[in-house]
Amino acid sequence: MTSRNFKVLGQNHPRVDAYDKVTGRAAYAADVYLPGMLACKLLPSARSHARILRIDTGPAAALPGVRCIITGADFPDVRFGSGALRDRYVMPRDTVNFVGEPIAAVAAVDEATAQEAIELITVEYEDLPAVVNPITSMQPDASTVHPDLEDYQGYGFTMGHNVSTLLDADRGDVDQAFQDADHVIEDVYRSQGINQGFLEPMACVADVEPNGRLVIYASTQGPYQIRAGLAAVLELPVSRIRVVAMELGGGFGAKLRLAFEAFPALLAMRTGRPVKLVNTREEAFTMNGPRLPVTNYIRSGVMNDGTITAREAYTIFDVGAYLGAGPNSGIGHGIGAYRVPNFRLRSYGVYTNKIYVGSYRASGVADMTFAVESHMDHIAHRLGIDPYDLRLRNALREGDVSVSGAVVPSNGLLETLQAVKDAVAWPRQLEDGHGIGLALCEWRSGSGPSTAAISVNDDGTVSLLTGSTDISGSDTSLAAIAAEALGIGMQQVIVAKRDTDMAPYTGQSGGSRVVYSQGTAVQRAANETRDKLIALAAERLGLPQDALGCEDGRVYVLDNEPQGLTFTQLAAASITSRGGPIIGTAALSSMPYTPVFAAQAAEVKVDRETGQVRVLRYVQAQDVGTAINPMAVEGQLEGGVVQGIGRALTEDQQFDPDTGAVRNPSFAAYLMPLAIDTPQIENILIDVPAPDGPFGARAVAEPPGFGPPAAIANAVYDAVGVRVKELPLSGERVLAALKGQSPALTMDVASLRRAEGIAAD
Amino acid sequence: MARFNYLEPHSLDEALRMLADGGDGVRLVAGSTDFLIRWRTGFWRPDAVVCMQHVPGLDAISFNDADGLSLGAMATVQAIEQHDVIRQRYPALAAGATAFAGVQVRNLATIGGNACNASPAGDTLPALLAYDAQCRIVGPAGERWLPLTEFFQGPGRTALQPGEILTELRLPPPPPRTGGLYIKHSPRGAMDISAIGAAAVVSLADDGACRRVSIALGAVAPVPMRANAAEGRLIGQQPTAANIAEAARIAAQSTNPISDVRSGAGYRRDMVQVLTQRTLQHAVATAAGGPAPFGELRRLALQTAI
Ligand SMILES: Cc1cc2nc3c(=O)[nH]c(=O)nc-3n(C[C@H](O)[C@H](O)[C@H](O)COP(=O)(O)OP(=O)(O)OC[C@H]3O[C@@H](n4cnc5c(N)ncnc54)[C@H](O)[C@@H]3O)c2cc1C
């Protein structure tokens, strides 16, 4: 068991990078200026699906100040993919697949010249039939986005035609369970395209060192993934590439993988000069993958007492032109945080001629949670059961088996439900037009390769080296973990900047894995460092190791505290010691299944005449285990809820129904919530220590954003008695529902079942 | 991002000369909040830009009981929002100004720019129409006055001739017992373009009947428009709930909205009815007692969002 008597953890620590960021001194990729640097601009495809017949770069190349122009033909003829399926070229060679796809890049002496050159490039296209709607795209007669799909590497798990993936999960005898159920309830939900809304558009600087190595200064959540991606598309060994991760101005999944780094990279290799690319906001909206619309069919078999016995979920994820992040995490969440003995879950990833799908804060799970948690309320109302009681009855308990087959360890799910119930005094009768809705969210603490190294400096401080880029204050939390384990203050920990030449390999910063997984590596590296310090002190003091303690920057004699050696003294001594300078390291590949649960409640007001929904209050309780840095935990919880409120009410990435082009590529038309739109958010931290996390910490970041769409939709139902099954819950949609004019959402599940040879009704 | 010459006149005469010399390729800018966006997207590609920021005197705001309110074309939306007399005497205009963008944009954006940009969604325009604004236009041929209702010709198109500058908007003094409100319908509480905007200004006679009624609507037709038929339905009538509802219904019928990324046409028309009814009710309710405190006015203007 972990000691709960923390010295550093559990207290609020301002971010280690706060001062640099507030004073504008933190260096982002766009802040990198190198001598002789050129500016890069990209030419977007004007067509959704077309053969490129000719690209005339002549007049552009003749423009004074233009140094180099590249097109797809300048790259090696290799496909890459963000997942297992290699379905795209970094720059198309002969066919464009969505409006906005970069098809040429210019390097010029400044940005204005590069842009002028872009406008001088002419492209001759031969249009091909485009398919924009994923449901249409699944029809056998739909035009094919990737005619050569079968030749692609990684084709193994695709279905062919326009279905790039099918993920499935099954348990029990689903059809029998539906037959035996007292009630069968089905729904179709639809959620919208969502942009990650990061503050810093994509940026990078590419440079070629005198020895010919490529250096990339990147805005990324995954420097090693950029390195691997670049190596693949440029056909270079990874050892020829160094990626320096600059400060990250928000990623939320959008910066997990190779984006545009290959363009300035090749231009730098061609010109021998550094090249900078900084996206405009419009490019961030039209070139780099957002989340795309999702349609969810969900059916439950329920007994009279509210016990759910069967679940079927068919989910169609539009993946756009390339698999990108794909359905991603969606599949496992078709049963939500509940024990469901029989289920059949299917997630289809379907190609269309739209911008490819990217990642966003647990891609797909918010869509699934909207469907599952709205559906829970639907079941409750149909059966006349209180929605809270229905959730409590079916909630997963310790010892249950999760959707993936792992046993659910101890957790705070029931405590989160109870805490939210108490906070909002559920059930409560409200004035007309006001309502409360609940949602339950589940996620797992993120795993994956993690490494850390800690070395002790001459002055008794320690340097912490990890490969994880800082997102949302993770550096601060990792420093806190190291400080706690070593018995020193936060100020004694220096967090080194990331560089693939220097930091050990690690997975991306995403999926709620940094503090949980990377934090475990840091804790272990710190433990090893401490053990070495104690061993050295034992040697010098002539005492057995178990007679020594380590606290406040010194190793001391347990029964004679004043006697001991400071880290400074030990660092000096280590230089000439048998073991040499003190460094502790740790590495791990994965962590055990550790769920994270959160219960949320929204209180809303609905204007019956305009349909507008206003969130008055939001309460969330999440089992975070040990809160490493409570201030940062609350920041994550609130940020997630604000993103979720945007998803629920105003954010809506729209696409032209004919061309698939993004219709609202700006923050003026893609409406993220502002402070004025955000209610008071109350956070309740439930602390059921994770059996395996660092000092009992669980992951934090993903679940807060899952709940708001369903909690708010459920609250709208509570307020005015209509269920809106499509996001966002705009005034227009709610008013249509109030008038009984909601468009019917359907999915032809029978033919999907038939295609799989399932005979169910 | 095409290049252009940047010109900075220091008097109105100099500005007129620069416009005349520049011909078709020259564009005047005030706060540049519309200009910069359209230039960046390549929609406007001027050879030269004449910036009015350094022409003195064009940003004055003054009021007297005889002539009413004079707004220099370069007056910022922020200055209008903050102006006490406007809050008191022209509350629908103060509401339009406070519902406009966010503070940073209000500090730059000018009332003249809002009018000359002639967006059907311009947030100050319904109130200016409802208060019967007159435009003072100065050009190579001298000065002329034009009612604002004749100023708008289509989305982005105005009655300005080449080389002409809008220098002032003049709003006659409202009669006693006049109330007004503007409501901006938008999903977000700030920094959002109106999906619909509705302004109503009502003056009551001694017997409580509606003596003057103006209803002006934004974002529901190619230009900001007055709903004359709806006004006619109320003038001379008692402002009963039924009469107001009927006028609102007529107002909705008179619009010709489009569907776009923000809203469908049907929803827009429904909202015209709701917002017209609410602005009329508020105008009537405050006609005698004077406008709501500014904080309340702001809340009402943004009521669909906050
Ligand atoms: C982020 C953002 C948010 C916005 N939000 C809103 C909003 O909520 N509501 C709203 O109504 N608008 C909004 N706008 C649009 C814009 O701010 C307004 O239309 C503003 O009033 C324009 O004024 P300006 O002084 O900046 O005009 P400029 O951009 O300088 O000029 C606009 C046009 O008017 C012409 N012009 C300007 N002044 C004169 C003059 N005196 N005589 C002749 N022609 C002239 C110019 O030639 C140009 O064609 C927003 C803009 C931005 C960038």
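The values are calculated or read from the model by the stated rules, or taken from the named source; none is laboratory data. Since the model is a prediction, treat every value here as computed from it, not as a measurement. Neighbour counts are summed over all protein chains in view; Cβ atoms, including those assigned to glycine, are modelled from backbone coordinates with ideal geometry. For the accessible areas, the whole protein counts, side chains as well, though only heavy atoms, and no ligand, DNA or RNA atoms are used. Shrake-Rupley method; radii C 1.70, N 1.55, O 1.52, S 1.80 Å.
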Problem - Whichever residue in region B:68-108 is among the polar types (S, T, N, Q) and out of contact with any Leu (no Cβ under 9 Å at 6 or more places or on another chain) and, among such residues, is farthest from the ligand (Cβ to nearest atom) - result: B:Q88
Completion exercise
Checked pairs for region B:174-195, first at positive phi, second within 11 Å of the ligand (Cβ to nearest atom), C-beta under 8 Å and 6 or more apart or across chains, list as B:M191/A:F667; B:M191/A:A668; B:M191/B:A101; B:M191/B:G102; B:M191/B:V105
Practice task
Might you check whether a residue that is surrounded by 19 or more Cβ atoms within 10 Å (Cβ to Cβ), touching a residue at least 24 places away in the same chain (Cβ under 8 Å) and more than 21 Å from the chain's Cα centre (by Cα) occurs anywhere in region B:244-253?
Solution key: yes
Handout entry: Residue under evaluation A:A668, criteria (1) within 14 Å of chain B (Cβ to nearest Cβ); (2) more than 22 Å from A:N288 (Cα to Cα), criterion not met
Key = (2)
Practice task
Would you mention how many residues in region A:300-326 are part of a loop (DSSP other than H, G, I, E, B) and surrounded by 24 or more Cβ atoms within 10 Å (Cβ to Cβ)?
Solution key: 6
Problem - Candidate set from region B:136-184 (those that are within 30 Å of B:I306 (Cβ to Cβ) and β-branched (V, I, T)); member that is farthest from the ligand (Cβ to nearest atom) - result: B:T178
Exercise for the section: List every residue pair whose Cβ atoms sit under 6 Å apart, with the two residues 6 or more apart in sequence or on different chains, where the first one lies in region A:284-299 and is surrounded by fewer than 23 Cβ atoms within 10 Å (Cβ to Cβ) and the second, anywhere, is of a type in the set (F, W, Y). Expected result: A:Y297/A:Y314
Practice task
Any residue in region B:22-46 that's more than 22 Å from B:M74 (Cα to Cα) and within 12 Å of chain A (Cβ to nearest Cβ): show its pairings with residues that are more than 6 Å from the ligand (Cβ to nearest atom) and open to solvent by less than 40 Å² (accessible area, probe 1.4 Å) at Cβ separation under 8 Å, as long as the two are six or more apart or on different chains.
Solution key: B:G42/B:A2; B:R45/B:A2
Practice task
Check whether at least one residue in region A:98-108 is more than 14 Å from every other protein chain (Cβ to nearest Cβ), of a type outside the set (A, V, I, L, M, F, W, C), in contact with a Pro (Cβ under 8 Å, 6 or more places away or on another chain) and part of a strand (DSSP E or B), and report yes or no.
Solution key: yes
Problem - Number of positions in region A:114-171 that are surrounded by 20 or more Cβ atoms within 10 Å (Cβ to Cβ) and of a type in the set (G, A, S) - result: 5
Practice task
Might you check whether a residue that is under 19 Å from A:P293 (Cα atoms), touching a helix residue (DSSP H, G or I) at 6+ places or on another chain (Cβ under 8 Å), among the small types (G, A, S) and open to solvent by 10 Å² or more (accessible area, probe 1.4 Å) occurs anywhere in region A:712-732?
Solution key: yes
Exercise for the section: Working only within region A:733-749, note down all residues that are part of a loop (DSSP other than H, G, I, E, B) and either open to solvent by less than 10 Å² (accessible area, probe 1.4 Å) or closer than 17 Å to A:T295 by Cβ (or both). Expected result: A:S742, A:P743, A:A744, A:L745, A:T746, A:M747, A:D748
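Residues checked against (1) within 14 Å of chain A (Cβ to nearest Cβ); (2) in contact with a strand residue (DSSP E or B) (Cβ under 7 Å, 6 or more places away or on another chain):
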residue: B:I215; (1), (2): no, yes
residue: B:Q238; (1), (2): no, no
residue: B:N256; (1), (2): no, no
residue: B:R269; (1), (2): yes, no
residue: B:R278; (1), (2): yes, yes
residue: B:F294; (1), (2): no, no
residue: B:L297; (1), (2): no, no
Practice task
Consider A:L735 carefully, then state whether it is in contact with a strand residue (DSSP E or B) (Cβ under 7 Å, 6 or more places away or on another chain) and hydrophobic (A, V, I, L, M, F, W, C).
Solution key: no
Practice task
For B:R212, state whether it is under 22 Å from B:G156 (Cβ atoms) and away from the ligand (no atom under 16 Å from the Cβ).
Solution key: no
Exercise for the section: List the number of the failed condition for A:L752; all other conditions in (1) at pLDDT below 95; (2) assigned to a loop (DSSP other than H, G, I, E, B); (3) open to solvent by 10 Å² or more (accessible area, probe 1.4 Å); (4) more than 14 Å from chain B (Cβ to nearest Cβ) hold. Expected result: (2)
Practice task
Look at region B:109-118 and say how many of its residues are surrounded by fewer than 23 Cβ atoms within 10 Å (Cβ to Cβ) and more than 6 Å from the ligand (Cβ to nearest atom).
Solution key: 1
Exercise for the section: Taking A:Y224 as the residue in question, decide whether it is outside any strand (DSSP E or B) and under 23 Å from the mean Cα position of the chain (by Cα). Expected result: yes
Practice task
Could you please find all residues in region A:673-708 being open to solvent by less than 30 Å² (accessible area, probe 1.4 Å), within 14 Å of chain B (Cβ to nearest Cβ) and outside any loop (DSSP other than H, G, I, E, B)?
Solution key: A:D677
Handout entry: Search result, residues across region B:55-67 that are more than 12 Å from the ligand (Cβ to nearest atom) and of a type outside the set (A, V, I, L, M, F, W, C)
Key = B:P56, B:G57, B:S62, B:N64, B:D65, B:D67
Practice task
Among the residues of region B:64-87, count how many are within 13 Å of B:L171 (Cβ to Cβ) and either in a helix (DSSP H, G or I) or among the polar types (S, T, N, Q) (or both).
Solution key: 5
Fill in the blank from the handout: With criteria (1) away from chain B (no Cβ under 14 Å); (2) closer than 21 Å to A:D318 by Cβ, A:P657 comes up short on (1)
Practice task
Could you please give the count of residues in region B:1-54 that are closer than 30 Å to A:L43 by Cβ, away from the ligand (no atom under 12 Å from the Cβ), touching a helix residue (DSSP H, G or I) at 6+ places or on another chain (Cβ under 8 Å) and among the charged types (D, E, K, R)?
Solution key: 3
Handout entry: Scope region A:601-652; condition open to solvent by 20 Å² or more (accessible area, probe 1.4 Å), within 14 Å of chain B (Cβ to nearest Cβ) and part of a helix (DSSP H, G or I); matching residues
Key = A:V642, A:L649
Problem - Restricting region B:185-208 to residues that are open to solvent by 30 Å² or more (accessible area, probe 1.4 Å) and within 14 Å of chain A (Cβ to nearest Cβ), the residue that is farthest from the ligand (Cβ to nearest atom) - result: B:P187
Handout entry: Selected residue [at pLDDT 95 or above, more than 25 Å from A:D652 (Cβ to Cβ), part of a helix (DSSP H, G or I) and away from chain A (no Cβ under 14 Å)] from B:A248, B:A283
Key = B:A283
